[in-house]
């Protein structure tokens, strides 16, 4: 499980409706690649994915025309909390 909360960098307010995806950092044609459905943060800025693969993955958050990437290393059977601060001002 990979879960976390997105907040606005300056105010700390939750960011609702942000698109969050898992990028496995693998080529599109790699047979080990899993395809994750994008998710949206809830009213409290929270998101969660059941991560099926261990190792290097990247959590990517899209807000309007902004993008934030957070690389993580998943260990077998260990939930990972990834809280992300995102500037909504294009900084």
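We did not get these values from a lab; they are worked out from the coordinates using the rules stated. If you're wondering where the values come from, they're calculated on a predicted model, not measured in any experiment. Backbone-built Cβ (ideal geometry, glycine too); neighbour counts: all protein chains shown.
By the equivalent-ellipsoid construction on the alpha carbon gyration tensor, the stretch 15-56 comes out with semi-axes of 24, 10, 7 Å, ordered largest to smallest.
Note that the stretch 2-83, at 10 °C in a medium of 1.306 mPa s, gets a Stokes-Einstein diffusion coefficient of 120 µm²/s from its Kirkwood radius over C-alpha pairs.
Each peptide among 42-52, 62-72 gets the average number of other Cβ atoms lying within 10 Å of its residues, and from highest to lowest they stand as 42-52, 62-72.
Build a GNM of the chain with springs between Cα atoms under 10 Å apart, and of 26, 40, 15 the one that fluctuates most is 26.
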